[in-house]
Amino acid sequence: MNSSTANPLIELRSVVKVYNSTADSVTALNGIDLQIFPGEFLVVTGKSGSGKTTLVNMVTGLDRSTSGEIWVDSEPLHKFGSERAAKLRGRTMGVVFQSFELLPTLTVLQNVMLPMDFAGRASRSEQRKRAMNLLEQVDIADHAKKLPTALSGGQQQRLSIARAMANNPAILVADEPTGSLDSATANAVVDIFKKLAQEGKTIFLVTHDKDIAKRGSRMITLSDGQIVG
Amino acid sequence: MFRARWYKVFNDLFGNKTRTLLIVLSMSVGLFALGIILSARTILSEGLAESFAAITPSSGTVRTIELFDEDFIQSIRSMKDVQEADARRNISARVQTASGEWKNITIFVVADYDDIRVNKVASQSGPWPPPEREVLIERAALSVIEAQVGDVVLVKFPNDVERKIRIAGTAYDPAQLPAQIDGTPYGYITFDTLNWFGESYGFNELHVLATHPEDKAWAQQVVNRVKDKAEKSGYTIPLSMTAEPGQLPMNDVLQGILLLMGMLGILSLFLSIFLVVNTVSALLTQQQRQIGVMKAVGGSTLQILGMYLVMVLAYGVLALLIAIPFGVVGARGLSNALAGFFNFDIYSMDLPPQTFLIQIAIGLVLPVLASLVPFLSSLRISAAEAMSSYSIGRGRFGKNWIDQLLSGANIWFMRNLSIRSILLSVRNTFRNKGRLTLTLITLTLGSATFISVFNVRDSLSHTVDDMIKWFNCDIMLTFDRTYLADKVEFSALTVPGVTQTDVWIQLPTRLIRSDDSESGMIYMFAPTVHPESLIVSPTIAEGRWLMPDDDNAVVVPSAFLQDEPELHLGGDIVLKLDGKEHTFKIVGTYVGMAILPLVYTNYEYITQITNRIGEADALMVKMERHDPAYVDAATRALEDHFEQIGVRVSMVSTINNERTEAEASFDAIVALLLVMAILLALVGGLGLMGTMSINVLERTREIGVLRAIGAPNRGVASVFILEGIVIGLMSWAMGAVLAIPISQGLNQALGQAVMGVPLSYSYSIQGLWTWLVVVILLSVLASFIPARNASRLTVREVLAYE
């Protein structure tokens, strides 16, 4: 995809995020300007405390910025309350977390079906069929009836990716998806992202692992809440 | 096939059975207590009224000195405004108990036991009607005369005829005061048996039912008309009284019980509400991370809220499934037990739907409302914060002065405290202050109610003590007529052990109201008023006690002024004595019940206006020892002595018996209070267990961290047990303080309902310590079980726990 001819799918303009506590205030993001285009595999890297996770929270609408604008799929996410943000998220993006964040009382299959249920897009049988397809794509279809705690870390992250893909979003946001995995499993998980990017998904992946960072189509580096490279 | 979100609800409900059980139990105990109190209150108030109505209670009673026959009864029945009338013979006799003691007994003689039309008496056991030369005893009276069915007892009639008579069975006569309350047993015989005792045929007690018995003023007019007719027919009327419509004999006590139940019901309601709110709030706190995850994958507020509302509704339904049936069974048991004190059978145990509707409303609506509060507050934080905050760092310890204080940094003895688990427990307790507040409110309310129940019980006992201490004597003897006071006093002093005597005169009197209507019978007691008098001042509610130079001063029971609105302190009261009206001045009111009102006036004045100067019909005796056995032996010796010198004793009572009877009138209330104490201990205890167990479950991950850094299982458990004890002790201390106003309120209300003045306040140290022991035991149990379960998991399992 040629970035110069397409509109950005995600655009951040002068985004600032300040965390206030009783002791002091911390500026986690300090004037971030960023454009992400359809089909890009953007990797955000940086040291611990550089603001990577905060950036993920801003892009996904899981948290609100202190100032600045965030546009996702031409919609002003920065103006949205949590309710509209959740709907936009359900429609346009899937999120993958470092600690997987699976619901422990739902089976593998039900975890994937849950976002579809919330979005209310398909019938229950179609949800089930699509969820099984996604589990097959990430090679854990055999575990569909198990609870997440019965899976290995790699399998849980695959499940997390399948869940993120449930509503066929244009964007996949992943916060340190390989942080809890060994290197072989981590590579396999990145392969899945790579394949999804080739299929046209826009990937926004945060990592501190330089080898993984190199596998994206573009890389930016954060330091002290600013893009430094 | 359900939607995926409902699988989560279902799995959350039934996947974690321990948590579900704790939540359901916590909710159901509160609902159960509420159900018992509401249902028992309804059964008692409606069931007793229904049972009382079934005996066709009379509107009033007219007693005659001369005997009358069936023709007179017929003439009363034919009166225009008399719906029904019936008559009995009422004889005050004496009965000898198994221990040889003589007791008063009222013998009723009924002409046709199968056609009692008013104040119906029914067979309870044995033959019906009573066989010739045998007696039926009212069922509540057997214990008073210390006899069983089949026993032969010696009965002495006023004509001095003594007969050994067999108790053939028992009767049920709910129109009478229960025998254990006024100490007088009741017996039922036929006219043939009466003849055997040497008495002639005839009636002396007329029971009248007015055409509109529900209208007291009307009923009073009708009873007065009957009385007038009797007087015109030549009968002397020593007593006529009109009953309160539909009110059973111990209505004041019943009202006290109903009031107490109502107030405890309200307290249980609050307790139940806080238990539900606390439980649901704990559940939602536990689920905060998952709520964040669901938001992250696109769940809207309404969708997630819907899931949790269904979940708490399911908890509510499960809690109601336990609480309602157990509540009904408990309420019926409690109602039957309390009805037993009133000597009533409750025919109808039906419960109105309102009782269940209130429980259902609280069981279903309240959890939903309760879940809205924490849910809406969780909406204020972002999904990112919701997910990240579920970890070891939850709670905001360290930010305010309490935390700074508890951190120990500024307190020398805490800096040097070697028992780390104590410090950790205390700090943990204060970490989540919102939860702590909610838990403490619930437990404090439970503690305060439990201690208050004990306080009311103590106050009742204290009140009885206050009532009894008016009589500075051991034995009271009433004679069949007046005798020379000097004669009986000097004679009594010759009996060994008697140290002091005093006399009084007692007369039946009636209040004459401004509309010329008359009250029921009132006992006028005229004691001597001087420094050596054996009657000391009763507890004065308002005004003052009698003085030696008082003439027409009277002191009346405080409840009497409530029943007779025309009367007031400092005002006049017209009393009819020996057929003549006399005006007295009310100079004081004393703490007392109005079941059988006693008014006190000066001996000297009464003997003057009734031409009985120097006479007395009652003697008070003080003994050198006061133990019951000694006093009982002295009582027999005094009776024998007076019989020998020709002074006929008609009634004897000892202060010990008076105390027992006074306490018996509160038995029902005390029993209710004990049941309530047990119930509240159960509710508070299970609530405490539930809340604490949920608190520990919620911190299973923290247990993992403690173990991961090397804490032994015992060390981990001790942190949580100590934390439980800290919370338990705090709730105990706050409950002990809150119990003061609550018990004062209960004392005020109960005292007003039963006696017209608040009970004598007493704080129960026994209740305070009992609850302390219960709280500590439950705190340990509540924290130990989940902490032990958590410590049995591997560190990896615990850290993965959600």
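Some values worked out for this structure:
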item	result
Where trypsin sites (Lys or Arg not before Pro) fall in DSSP loop in segment A:150-229, at most 15 other Cβ within 10 Å	A:LYS214
FRET efficiency, 1/(1 + (r/R0)^6) with R0 41 Å, evaluated for A:ASP182 and B:ARG788 via beta carbons	0.70
Residues of type lysines that A:LYS146 reaches as a straight line, Cα spacing below 25 Å, ignoring anything fewer than 8 places off in the same chain	A:LYS129, B:LYS8, B:LYS17, B:LYS295
Within-9-Å neighbourhood charge of A:TRP71 [Cβ basis; K, R +1; D, E -1]	-3
Cross-link pairs beyond the 25 Å C-alpha cut-off, checked among A:LYS145/A:LYS210; A:LYS79/A:LYS210; B:LYS80/B:LYS216; A:LYS87/A:LYS210	A:LYS145/A:LYS210; A:LYS79/A:LYS210; A:LYS87/A:LYS210
Average beta carbon contacts from partner chains per residue of A:59-67, 10 Å cutoff	3
Beta bridges by DSSP in the protein assembly as shown, antiparallel share as percent, to the nearest 5	70
Reachable lysines from B:LYS585, criterion Cα separation under 20 angstrom, eight or more residues apart if same chain	B:LYS576
Inter-probe distance in nm under a simple model that places probes 7 Å from Cα toward Cβ, at B:ARG714 and B:MET547	7.5
Normalised contact order of chain B, rounded percent, pairs of Cα under 8 Å and 6 or more residues apart	17
For chain B, Kirkwood radius (reciprocal of mean inverse C-alpha pair distance, Å)	30.7
Simple label model, 7 Å out from Cα along Cβ direction - A:ASP142 to B:VAL329, nm	5.2
Counting DSSP beta bridges with both ends in segment B:475-625, the antiparallel % (nearest 5)	80
Kirkwood hydrodynamic radius (C-alpha pairs) into Stokes-Einstein, segment B:475-625, 4 °C and 1.567 mPa s, D in µm²/s	81
Whole-number percent relative contact order across chain A, with pairs defined as alpha carbons under 8 Å at least 6 apart	29
Per-pair calculated FRET efficiency, R0 = 35 Å: A:LYS214 and B:TRP6 via Cβ, rounded to 0.05	0.20
Helix-only [θ]222 nm of chain B, DSSP H runs n ≥ 4, -39500 (n - 2.57) each, per residue, nearest 500	-17000 deg cm²/dmol
Gain on full stretching of the segment that runs from B:SER125 to B:LEU376 - 0.36 nm per residue minus C-alpha separation	83.9 nm
Beta bridges by DSSP in chain A, antiparallel share as percent, to the nearest 5	50
Segment B:475-625 - percent relative contact order, Cα under 8 Å, separation 6 or more	38
Residue list for segment B:236-269, given a label point 7 angstrom along the Cα-to-Cβ vector of B:GLN748 and an amide N cut-off under 19 Å	B:256-268
Net charge of Cβ neighbours under 11 Å - reference B:MET311; Lys, Arg +1; Asp, Glu -1	+1
Pairwise centroid distance, computed over Cα atoms, of segment B:1-77 with segment A:208-229, Å	73
Charge tally in the Cβ shell below 14 Å around B:PRO538, where Lys, Arg are +1 and Asp, Glu are -1, B:PRO538 excluded	-2
Estimated FRET transfer efficiency (B:ASN195, B:ARG481; beta-carbon r; R0 25 Å; 0.05)	0.45
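Quick note: the coordinates plus some simple rules give every number you see, no bench work behind them. Quantities reported herein were computed from a predicted structural model and do not represent experimental measurements. Please note: Cβ atoms are built from the backbone with ideal geometry, for glycine as well, and neighbour counts cover all protein chains shown.
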